[in-house]
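Enquirer: Take a look at the following structure, please.
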Amino acid sequence: MSAAVWKILIVDDEPAFRKTLRRSLLAGGHSVEEASSGGDAVDIISSSPFQFVLLDLNMPGMGGLTTCRMIRSIAPHVGIVVLSVRNAEKDVVAALDAGADDYLAKPFGLSELIARLGAIHRRAQTGIDAEEEVLKAGDLEMNLPAHSLRHAGKAIHLTPKEFELLAFLMKNKGRPVAHVTLLRAIWGPTYGNESHYLRTYVKALREKIEANPASPQYIVTEPRIGYRLRDPEAAESAGNSSKPSISDADS
């Protein structure tokens, strides 16, 4: 379990699921509150700060996506992770576009949830944003003003588009980024269906920065969603311990 202690809000209309997840998180020393609806969650977030919100999509009344947008507008820096039985690509992309930082399909392992929360927490602590001049992940070091990339100290030549794509992924290190988000950020707002562009450039980047492009350690594919820039050192330190599964079957 992570050594960090967080204040977490669970938003789900299933009491048994909230109880199971709350018990697991409390065992790790975290402070946990519950909300059974989107409206209740918005009220709670408006009056009290949280590090994380664990949000279900399938709720009566105010839906999960609307709740996500409202929470993001109220608390721009809170980490939002959607937990849902819905795992279709359109649902995942919609949640990310609504402001979620990550998405986990039920059932999920507690260790994976904690690892995802830890990645979001590290991003918040390091303050990676568009103003940062040097981005780092593992042995990669990207200097934005100098338009340069080094891998283990060795200079790596990138084309302008490769540099833009890698910079965007590194700014969102640890977070799954949807295909459409990448296309519109790098190629412009009229793009969205040209996934072959991404495949071509990601392949080129992997050949330049990965020890084994066929088994990437940095740019990993998020099936049906997009890509995630992974920090191998952070992933290794998180460990591979197995934890009990948290699922809708527990409810």
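Enquirer: How much accessible area per residue does the range 7-153 have, counting only protein heavy atoms and a probe of 1.4 Å, in square angstrom?
Expert: 43
Enquirer: Using a 1.4 Å probe on the protein heavy atoms, what percent of the accessible area of the range 1-115 belongs to carbon and sulfur?
Expert: Solvent-exposed carbon and sulfur of the range 1-115 make up 53 percent of the total.
Enquirer: In deg cm²/dmol, rounded to 500, what helix-only [θ] at 222 nm does the chain give when every DSSP H run of at least 4 residues adds -39500 (n - 2.57) and the total is split over its residues?
Expert: Numbers: 9 runs with 102 residues, N = 251.
Computed mean residue ellipticity for the chain: -12500 deg cm²/dmol.
Enquirer: Also, I was wondering about something else. Using Cα pairs under 8 angstrom and six or more residues apart, how large is the relative contact order of the range 158-222, in percent? All intermediate terms of the calculation are to be shown ahead of the outcome.
Expert: Details: 37 pairs, mean separation 15.8, N = 65.
Dividing the mean separation by the residue count of the range 158-222 yields 24 percent.
Enquirer: A further question follows. How much of the accessible area of the range 155-213, in percent, comes from carbon and sulfur atoms when a 1.4 Å probe is used?
Expert: Carbon with sulfur: 50 percent of the solvent-accessible area.
Enquirer: Set the Förster distance to 22 Å, then compute FRET efficiency between THR190 and ALA88 from the Cβ-Cβ distance, nearest 0.05.
Expert: 0.30
Enquirer: Next up: What list of ³J(HN,Hα) couplings, whole Hz, do you get for the range 227-232 from phi and the Karplus terms 6.51, -1.76, 1.60, once you set θ to phi - 60° and write x for glycine and proline?
Expert: Once rounded to whole Hz, the list reads 9, 9, 7, 9, 9, x.
Enquirer: Using 7 Å Cα-to-Cβ label points, what is the ALA211/ASN58 separation (nm, one decimal)?
Expert: Each label point is offset 7 Å from its Cα along the Cβ direction, giving 4.2 nm.
Enquirer: Right, something else. Quick one: putting +1 on the C-beta of Lys and Arg, -1 on the C-beta of Asp and Glu, what dipole do you get for the chain around its Cα centre, in Debye to the nearest 20?
Expert: Its charge dipole is roughly 400 debye.
Enquirer: Also: Select from GLN217, VAL78, HIS157 the residue farthest towards the positive end of the dipole of the chain; place +1 on Cβ of Lys and Arg, -1 on Cβ of Asp and Glu, and compute about the Cα centre.
Expert: With unit charges placed on the Cβ atoms, the residue in question is HIS157.
Enquirer: Something else: Relative contact order for the range 1-53 using alpha-carbon pairs under 8 Å, separation at least 6, rounded to a whole percent?
Expert: Rounded, it is 49 percent for the range 1-53.
Enquirer: Return the subset of LYS106/LYS161; LYS90/LYS161; LYS7/LYS106; LYS7/LYS203 for which the Cα-Cα distance in this structure is over 30 Å, preserving the input order.
Expert: Pairs exceeding the cut-off: LYS106/LYS161; LYS7/LYS203.
The values are calculated or read from the model by the stated rules, or taken from the named source; none is laboratory data. Given the structure is predicted, the values throughout are model-derived calculations rather than measurements. Cβ coordinates were reconstructed from backbone atoms using ideal geometry, including for glycine residues, and neighbour counts include every protein chain displayed. Side chains are part of the model used for accessible areas, which takes the heavy atoms of the whole protein and leaves out ligands, DNA and RNA. Shrake-Rupley method; radii C 1.70, N 1.55, O 1.52, S 1.80 Å.
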